[in-house]
Amino acid sequence: MLSVNALSVRYGSFTAVRNISFQVRDGEIFGILGPNGAGKSSTLKAIMGLVEHEGSILLNGRNIGVREKNEIGYVPEESMLIESLTPMEFFEFIKSIRRIRDEDLFARLIYGFGIENHVTKPIAALSMGTKQKVQIIAALMHNPKLLIMDEPLNGLDAKSTKILKEILQIHVKKGGSVLFSTHIMEIAEELCDRIAVINNGKIIAEGTIEELREFAKSEGSLEDIFLKLTGEDEYVRGIVNALSK
C-alpha cells in the first residue's frame, strides 16, 4: 500500500526526520510511536505533501499526486478546519472537491459520531471533541483506501473512541490500511499489527509487539517496551522513587 524510503525532513538547520524507511501493508494498522518531538507528525505531514522532504513516498507504487490523495483520508494533529464555516458547509466543500456521491456513508458517519445537532453551528463554537469528530468524518466520508491519522483520539469521549476503533478494524478487514500515531500505549497495543518506534528522528525499532518485546528484552506491556527502547525507563523509575519518599 504505502512505501516510505529514505525520508528526511528538515526545518532550516534542524533535522526532524532522519533517513527513515517503512512500509504499510494492505489490511494492517501500522502505528508510529515516539516521545514528543521525535518526528512523528513531520513524517505524516511529509507523506501528505505538507512539508518539504527528501526521499521517496509511494502509494501502490506511484508518487503521491492529486489522484493518489483521493485514496487517502487524513486527520492532522492540529485542526485544519475552516472555523468560519459550519460542519455541514465544510462537509459540502469536501464533497465538492472529492466528488463524493455516497450520501449513505456520510449520513451514517454523522449519526455514528452523534453530531446531528451540531452541523449547523459555526465550527469555531464547537468543543474540541466535536471538532475532532468533524475532522474524522471529513477523512472517512470518501471511503479512502489508506487512513493517515495523527493523534486521532484527541478530545474524543469514550463512546466515540470505541466507534473509531471499530471503524479502523472494519476498514482493515476490508483490505484498507491505517497509519497512525498516538501517545496512548494501550490503544496502540490493542489495535496495531506492527509498530515503528521513532526517537530523535530515527526509527529505533520496528515490528509486531512480540518482535519489539524480544528486541527490547522486555516481558512487560507496550508502555514498558517503549520506555526501554527510548531510554526513558531509568529516568521514570528515578522520578517515581524520588516522589515516593
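Quick note: the coordinates plus some simple rules give every number you see, no bench work behind them. Keep in mind it's a predicted model, so treat the numbers as computed, not measured. We place every Cβ from the backbone using ideal geometry, glycine too, and count neighbours over all the protein chains shown.
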Using only alpha carbon positions, build the gyration tensor of segment 125-184, then give the equivalent ellipsoid semi-axes as the square roots of 5 times its eigenvalues, largest first, whole angstrom.
19, 12, 11
Please give, to one decimal in nm, the separation of the simple spin-label points placed at residue 54 and residue 221, each 7 Å out from Cα toward the Cβ.
3.9
Looking at the chain, what % of its DSSP beta bridges pair antiparallel, to the nearest 5?
55
How would you order 10-16, 160-166 from highest to lowest mean count of nearby Cβ atoms within 10 Å?
160-166, 10-16
Distances longer than 24 Å among the Cα atoms of the chain: what percent of all pairs is that?
49
Using the Karplus curve 6.51 cos²θ - 1.76 cosθ + 1.60 with θ = phi - 60°, work out ³J(HN,Hα) for each residue of segment 100-105 in order, rounded to whole Hz, and write x for Gly and Pro.
7, 10, 7, 6, 5, 4
Gain upon complete extension [residue 25, residue 3; 0.36 nm per residue less C-alpha separation]
7.1 nm
A 20 angstrom limit on the alpha carbon distance is what I want to check against. Which of 162/217; 40/131; 45/174; 145/165; 121/165 exceed it?
162/217; 40/131; 45/174; 121/165
Sort largest first and round to whole Å: the equivalent ellipsoid semi-axes of segment 1-46, each the square root of five times a Cα gyration tensor eigenvalue.
21, 12, 7
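Got the relative contact order for segment 80-143 handy, in percent, Cα pairs under 8 Å and 6 or more residues apart? Before the final figure, lay out each step's value.
Working: 49 pairs, mean separation 33.3, N = 64.
With pairs under 8 Å counted, the relative contact order is 52 percent.
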Translational D (Stokes-Einstein, µm²/s) of segment 115-245 at 37 °C and 0.692 mPa s when Rh comes from the Kirkwood sum over C-alpha pairs?
193
Over all distinct alpha-carbon pairs, what is the Kirkwood Rh of segment 80-143 in angstrom?
11.5
FRET efficiency, residue 97 to residue 186 (Cβ-Cβ, R0 51 Å, nearest 0.05)
0.90
What percent does the relative contact order of the chain come to when contacts are Cα pairs within less than 8 Å and at least six residues apart?
27
Of all the C-alpha pairs in segment 11-122, what % are more than 16 Å from each other?
71
Inter-probe distance in nm under a simple model that places probes 7 Å from Cα toward Cβ, at residue 11 and residue 85:
2.7
Sites residue 237 and residue 165 - FRET efficiency at Förster radius 30 Å, r taken between beta-carbons, to 0.05:
0.45
